[in-house]
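Below is one structure, written out as C-alpha coordinates, with a few remarks after it.
The values are calculated or read from the model by the stated rules, or taken from the named source; none is laboratory data. Predicted, not measured: the structure shown is a model, and the values here were computed from it. We place every Cβ from the backbone using ideal geometry, glycine too, and count neighbours over all the protein chains shown.
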Amino acid sequence: MGRFTDIFPGIAKPLIAMAHVPALPGTPLYDADLGMNGLLDAVRRDVEVLCDAGFDAILFCNENDRPYRLNAGLADAAALSRVVAHAHPTDRPYGVDYLWDPRCALAVSVATDARFMREVVSGTWESDMGLWSPDAGEVLRERRRLDRSDLGIFMNVTPEFASAIGQRSAADVARSTAVSSLPDAILVSGPMAGAEPAVSTVASVRDAVPADLPVLLNTGAKAATIAGYLPHADGCVVGSDLKVDGHTWNPVDPDRARRFIDAARSA
(Lines give C-alpha, C1' and ligand atoms only; values in the text may rest on other atoms or scores of the structure.)
Protein backbone atom coordinates (compact mmCIF):
# COMPACT_ATOMS: atom_id res chain seq x y z
CA MET A 1 0.00 0.00 0.00
CA GLY A 2 3.05 2.27 0.15
CA ARG A 3 2.75 3.72 -3.34
CA PHE A 4 -1.02 4.13 -3.03
CA THR A 5 -0.80 6.08 0.23
CA ASP A 6 2.07 8.15 -1.16
CA ILE A 7 -0.14 9.12 -4.09
CA PHE A 8 -3.19 9.81 -1.90
CA PRO A 9 -1.84 10.88 1.50
CA GLY A 10 -4.55 11.34 4.11
CA ILE A 11 -7.38 10.40 1.69
CA ALA A 12 -9.35 7.45 3.01
CA LYS A 13 -11.22 6.52 -0.19
CA PRO A 14 -9.94 8.43 -3.23
CA LEU A 15 -12.39 9.40 -5.95
CA ILE A 16 -10.66 9.25 -9.34
CA ALA A 17 -12.40 10.89 -12.31
CA MET A 18 -11.88 9.85 -15.91
CA ALA A 19 -10.69 12.35 -18.51
CA HIS A 20 -11.91 10.49 -21.58
CA VAL A 21 -9.80 11.59 -24.54
CA PRO A 22 -11.58 11.95 -27.92
CA ALA A 23 -10.36 9.67 -30.69
CA LEU A 24 -6.68 10.27 -31.41
CA PRO A 25 -5.15 10.78 -34.89
CA GLY A 26 -5.10 7.67 -37.01
CA THR A 27 -8.03 5.99 -35.27
CA PRO A 28 -11.35 5.37 -37.08
CA LEU A 29 -13.34 7.98 -35.11
CA TYR A 30 -10.73 10.77 -35.17
CA ASP A 31 -12.35 14.13 -35.93
CA ALA A 32 -10.00 15.79 -38.41
CA ASP A 33 -12.08 18.98 -38.37
CA LEU A 34 -11.65 19.24 -34.60
CA GLY A 35 -7.96 18.42 -34.96
CA MET A 36 -5.46 18.00 -32.17
CA ASN A 37 -5.90 21.57 -30.92
CA GLY A 38 -9.65 21.16 -30.57
CA LEU A 39 -9.15 17.79 -28.91
CA LEU A 40 -6.72 19.32 -26.41
CA ASP A 41 -9.17 22.10 -25.58
CA ALA A 42 -11.99 19.59 -24.99
CA VAL A 43 -9.92 17.48 -22.59
CA ARG A 44 -8.64 20.56 -20.77
CA ARG A 45 -12.19 21.77 -20.24
CA ASP A 46 -13.28 18.42 -18.82
CA VAL A 47 -10.31 18.32 -16.45
CA GLU A 48 -11.08 21.80 -15.15
CA VAL A 49 -14.70 20.83 -14.48
CA LEU A 50 -13.67 17.65 -12.67
CA CYS A 51 -11.13 19.45 -10.52
CA ASP A 52 -13.64 22.17 -9.64
CA ALA A 53 -16.09 19.46 -8.58
CA GLY A 54 -13.55 18.15 -6.06
CA PHE A 55 -12.22 14.84 -7.40
CA ASP A 56 -9.02 13.61 -5.79
CA ALA A 57 -7.28 12.60 -9.02
CA ILE A 58 -7.69 12.54 -12.79
CA LEU A 59 -7.15 9.48 -15.00
CA PHE A 60 -6.51 10.09 -18.71
CA CYS A 61 -7.65 7.39 -21.11
CA ASN A 62 -7.94 7.03 -24.90
CA GLU A 63 -11.54 5.91 -24.43
CA ASN A 64 -12.76 6.67 -27.94
CA ASP A 65 -9.97 4.97 -29.89
CA ARG A 66 -12.43 2.26 -30.89
CA PRO A 67 -11.93 -0.48 -32.03
CA TYR A 68 -9.32 -0.93 -29.32
CA ARG A 69 -6.10 -2.79 -29.95
CA LEU A 70 -3.53 -4.59 -27.83
CA ASN A 71 -0.34 -3.11 -29.33
CA ALA A 72 0.03 0.65 -29.45
CA GLY A 73 2.07 2.43 -32.11
CA LEU A 74 4.55 5.26 -31.75
CA ALA A 75 1.98 7.83 -32.90
CA ASP A 76 -0.50 6.59 -30.27
CA ALA A 77 1.99 7.06 -27.45
CA ALA A 78 3.08 10.45 -28.77
CA ALA A 79 -0.48 11.78 -29.14
CA LEU A 80 -1.61 10.60 -25.70
CA SER A 81 1.55 12.05 -24.14
CA ARG A 82 0.77 15.41 -25.73
CA VAL A 83 -2.77 15.33 -24.32
CA VAL A 84 -1.65 14.50 -20.79
CA ALA A 85 1.17 17.06 -20.86
CA HIS A 86 -1.27 19.74 -22.02
CA ALA A 87 -4.25 19.00 -19.78
CA HIS A 88 -3.00 17.50 -16.54
CA PRO A 89 -3.83 19.22 -13.25
CA THR A 90 -1.02 20.76 -11.21
CA ASP A 91 -2.61 20.48 -7.77
CA ARG A 92 -3.54 16.77 -7.54
CA PRO A 93 -2.35 13.39 -8.84
CA TYR A 94 -3.08 12.16 -12.34
CA GLY A 95 -2.71 8.84 -14.08
CA VAL A 96 -2.69 7.23 -17.53
CA ASP A 97 -4.57 4.34 -19.14
CA TYR A 98 -4.10 3.12 -22.70
CA LEU A 99 -6.69 0.67 -24.05
CA TRP A 100 -5.22 -1.92 -24.07
CA ASP A 101 -1.41 -1.82 -23.94
CA PRO A 102 0.26 -1.53 -20.52
CA ARG A 103 3.63 -0.80 -22.11
CA CYS A 104 2.15 2.31 -23.75
CA ALA A 105 0.48 3.40 -20.52
CA LEU A 106 3.81 3.04 -18.74
CA ALA A 107 5.70 4.98 -21.41
CA VAL A 108 3.19 7.85 -21.38
CA SER A 109 3.20 7.89 -17.58
CA VAL A 110 6.97 8.22 -17.49
CA ALA A 111 7.00 10.91 -20.21
CA THR A 112 4.37 13.03 -18.44
CA ASP A 113 5.32 12.53 -14.77
CA ALA A 114 2.04 10.76 -14.00
CA ARG A 115 1.75 9.22 -10.53
CA PHE A 116 -0.15 6.07 -11.47
CA MET A 117 -1.33 3.96 -14.40
CA ARG A 118 -4.32 1.66 -14.85
CA GLU A 119 -4.17 -1.48 -16.98
CA VAL A 120 -4.81 -5.18 -17.35
CA VAL A 121 -1.31 -6.43 -16.62
CA SER A 122 -1.61 -10.17 -16.05
CA GLY A 123 -3.67 -13.21 -17.07
CA THR A 124 -4.99 -14.53 -20.36
CA TRP A 125 -8.34 -13.36 -21.70
CA GLU A 126 -10.65 -13.86 -24.66
CA SER A 127 -11.75 -10.41 -25.69
CA ASP A 128 -13.30 -8.24 -28.37
CA MET A 129 -9.70 -7.59 -29.47
CA GLY A 130 -8.82 -11.28 -29.71
CA LEU A 131 -6.74 -13.43 -27.40
CA TRP A 132 -5.03 -11.24 -24.83
CA SER A 133 -2.02 -12.15 -22.68
CA PRO A 134 -0.32 -9.16 -21.02
CA ASP A 135 2.99 -9.64 -19.24
CA ALA A 136 3.23 -8.29 -15.68
CA GLY A 137 6.88 -9.29 -15.41
CA GLU A 138 7.81 -7.19 -18.42
CA VAL A 139 5.85 -4.14 -17.23
CA LEU A 140 7.26 -4.11 -13.69
CA ARG A 141 10.79 -4.64 -14.95
CA GLU A 142 10.36 -1.74 -17.36
CA ARG A 143 9.16 0.45 -14.48
CA ARG A 144 12.35 -0.47 -12.64
CA ARG A 145 14.54 0.14 -15.69
CA LEU A 146 13.02 3.59 -16.24
CA ASP A 147 13.63 4.51 -12.59
CA ARG A 148 9.97 5.17 -11.78
CA SER A 149 9.64 3.08 -8.63
CA ASP A 150 7.17 5.70 -7.36
CA LEU A 151 4.69 5.00 -10.20
CA GLY A 152 1.64 3.14 -8.94
CA ILE A 153 0.37 0.31 -11.17
CA PHE A 154 -3.35 -0.31 -10.62
CA MET A 155 -4.24 -3.73 -12.03
CA ASN A 156 -7.66 -4.59 -13.43
CA VAL A 157 -8.57 -8.22 -12.62
CA THR A 158 -11.99 -8.23 -14.35
CA PRO A 159 -11.37 -6.35 -17.61
CA GLU A 160 -14.16 -4.86 -19.68
CA PHE A 161 -14.87 -6.36 -23.10
CA ALA A 162 -13.24 -9.64 -22.04
CA SER A 163 -13.55 -12.79 -19.97
CA ALA A 164 -10.94 -15.00 -18.40
CA ILE A 165 -9.57 -18.16 -19.92
CA GLY A 166 -10.17 -20.66 -17.13
CA GLN A 167 -12.60 -21.14 -14.27
CA ARG A 168 -11.20 -19.03 -11.43
CA SER A 169 -13.50 -16.52 -9.76
CA ALA A 170 -12.66 -12.82 -9.61
CA ALA A 171 -11.71 -13.32 -5.96
CA ASP A 172 -9.33 -16.15 -6.84
CA VAL A 173 -7.73 -14.14 -9.64
CA ALA A 174 -7.30 -11.16 -7.32
CA ARG A 175 -5.83 -13.35 -4.56
CA SER A 176 -3.15 -14.79 -6.85
CA THR A 177 -2.51 -11.44 -8.62
CA ALA A 178 -1.77 -9.89 -5.23
CA VAL A 179 1.03 -12.43 -4.73
CA SER A 180 2.40 -12.97 -8.23
CA SER A 181 2.04 -9.60 -9.95
CA LEU A 182 2.74 -7.08 -7.15
CA PRO A 183 -0.13 -4.61 -7.84
CA ASP A 184 -0.37 -1.27 -6.06
CA ALA A 185 -4.17 -1.53 -6.24
CA ILE A 186 -6.69 -4.06 -7.52
CA LEU A 187 -9.50 -2.84 -9.81
CA VAL A 188 -12.87 -4.55 -10.22
CA SER A 189 -14.87 -3.80 -13.39
CA GLY A 190 -18.18 -4.62 -15.02
CA PRO A 191 -18.53 -6.08 -18.53
CA MET A 192 -17.94 -2.76 -20.34
CA ALA A 193 -17.35 0.94 -19.75
CA GLY A 194 -20.10 2.43 -17.59
CA ALA A 195 -21.40 -0.99 -16.49
CA GLU A 196 -21.10 -1.94 -12.84
CA PRO A 197 -19.93 -5.25 -11.36
CA ALA A 198 -22.07 -6.89 -8.72
CA VAL A 199 -21.54 -5.52 -5.23
CA SER A 200 -20.93 -9.10 -4.13
CA THR A 201 -18.04 -9.39 -6.59
CA VAL A 202 -16.34 -6.29 -5.18
CA ALA A 203 -16.92 -7.58 -1.65
CA SER A 204 -15.47 -11.01 -2.48
CA VAL A 205 -12.34 -9.46 -3.98
CA ARG A 206 -11.92 -7.19 -0.95
CA ASP A 207 -12.14 -10.22 1.33
CA ALA A 208 -9.70 -12.23 -0.81
CA VAL A 209 -6.69 -9.91 -0.78
CA PRO A 210 -4.60 -8.52 2.07
CA ALA A 211 -6.16 -5.65 4.01
CA ASP A 212 -3.32 -3.30 3.05
CA LEU A 213 -3.88 -3.81 -0.71
CA PRO A 214 -6.46 -1.28 -1.96
CA VAL A 215 -9.44 -2.53 -3.98
CA LEU A 216 -11.21 0.03 -6.20
CA LEU A 217 -14.50 -0.02 -8.06
CA ASN A 218 -13.34 0.57 -11.64
CA THR A 219 -16.50 0.90 -13.77
CA GLY A 220 -20.17 1.60 -13.22
CA ALA A 221 -19.83 4.01 -10.30
CA LYS A 222 -22.97 6.16 -10.14
CA ALA A 223 -24.24 8.79 -7.76
CA ALA A 224 -27.38 6.71 -7.21
CA THR A 225 -25.51 3.53 -6.23
CA ILE A 226 -22.05 4.46 -4.95
CA ALA A 227 -23.16 4.18 -1.31
CA GLY A 228 -23.63 0.44 -1.80
CA TYR A 229 -20.06 -0.07 -3.06
CA LEU A 230 -17.93 2.08 -0.77
CA PRO A 231 -18.30 -0.19 2.29
CA HIS A 232 -16.41 -2.81 0.24
CA ALA A 233 -14.10 -0.62 -1.86
CA ASP A 234 -11.17 1.61 -0.95
CA GLY A 235 -12.14 4.20 -3.55
CA CYS A 236 -13.43 4.30 -7.10
CA VAL A 237 -12.82 5.34 -10.68
CA VAL A 238 -15.78 7.06 -12.33
CA GLY A 239 -16.41 8.33 -15.85
CA SER A 240 -19.71 7.75 -17.62
CA ASP A 241 -21.96 8.93 -14.78
CA LEU A 242 -20.28 12.35 -14.90
CA LYS A 243 -21.08 12.96 -18.57
CA VAL A 244 -23.96 14.77 -20.23
CA ASP A 245 -26.91 12.33 -20.17
CA GLY A 246 -24.62 9.74 -18.55
CA HIS A 247 -23.18 8.80 -21.97
CA THR A 248 -19.52 7.77 -21.94
CA TRP A 249 -18.34 9.84 -24.90
CA ASN A 250 -20.16 13.09 -24.06
CA PRO A 251 -18.48 16.05 -22.33
CA VAL A 252 -18.44 16.20 -18.54
CA ASP A 253 -21.59 17.70 -17.01
CA PRO A 254 -20.66 19.99 -14.06
CA ASP A 255 -23.93 19.27 -12.25
CA ARG A 256 -23.54 15.50 -12.55
CA ALA A 257 -19.91 15.74 -11.40
CA ARG A 258 -20.89 17.66 -8.27
CA ARG A 259 -23.82 15.31 -7.64
CA PHE A 260 -21.47 12.34 -7.67
CA ILE A 261 -19.02 14.00 -5.29
CA ASP A 262 -21.84 14.84 -2.88
CA ALA A 263 -23.19 11.27 -2.98
CA ALA A 264 -19.79 9.65 -2.51
CA ARG A 265 -18.63 11.96 0.27
CA SER A 266 -21.86 11.53 2.19
CA ALA A 267 -21.61 7.76 1.80
Practice problem: May I ask you to list pairs of residues, at least six apart or on different chains, whose Cβ atoms are under 8 Å apart, with the first in the range 195-222 being at positive phi and the second being assigned to a loop (DSSP other than H, G, I, E, B)? | Solution: GLY220/SER189; GLY220/GLY190; GLY220/GLY194; GLY220/ALA195; GLY220/GLU196; GLY220/PRO197
Quiz item: Among the residues of the range 38-50, is any crowded, with 23+ Cβ neighbours inside 10 Å, within 14 Å of the chain's Cα centre (by Cα), modelled with pLDDT of 95 or more and farther than 20 Å from ARG145 by Cα?
Solution: no
Quiz item: Residues in the range 129-138: is at least one in a helix (DSSP H, G or I), under 20 Å from VAL188 (Cα atoms) and among the hydrophobic types (A, V, I, L, M, F, W, C)?
Solution: yes
Quiz item: Taking the condition within 22 Å of LYS13 (Cα to Cα), in a helix (DSSP H, G or I) and modelled with pLDDT of 95 or more, does ARG144 pass?
Solution: no
Quiz item: Can you name every residue in the range 13-44 that is among the β-branched types (Val, Ile, Thr) and within 21 Å of TYR94 (Cα to Cα)?
Solution: ILE16, VAL21, VAL43
Practice problem: Could you list, in sequence order, all residues of the range 230-256 that are assigned to a helix (DSSP H, G or I) and over 17 Å from the mean Cα position of the chain (by Cα)? | Solution: VAL244, ASP245, GLY246, PRO254, ASP255, ARG256
Quiz item: Mind checking which residues of the range 165-181 are part of a loop (DSSP other than H, G, I, E, B) and surrounded by 15 or more Cβ atoms within 10 Å (Cβ to Cβ)?
Solution: SER181
Quiz item: Say we look at the range 183-211 and pick out the residues that are of a type outside the set (A, V, I, L, M) and closer than 21 Å to THR248 by Cα; which of these is modelled with the lowest pLDDT?
Solution: GLY194
Quiz item: Is one or more of the residues making up the range 190-212 surrounded by fewer than 19 Cβ atoms within 10 Å (Cβ to Cβ) and within 15 Å of PRO134 (Cβ to Cβ)?
Solution: no
Practice problem: Starting from the range 1-29, keep only residues that are more than 19 Å from ARG115 (Cβ to Cβ) and at pLDDT 95 or above, then list their pairs with residues that are among the small types (Gly, Ala, Ser) and surrounded by fewer than 18 Cβ atoms within 10 Å (Cβ to Cβ) whose Cβ atoms are within a distance under 6 Å, requiring at least 6 positions of separation or different chains. | Solution: GLY26/ALA75
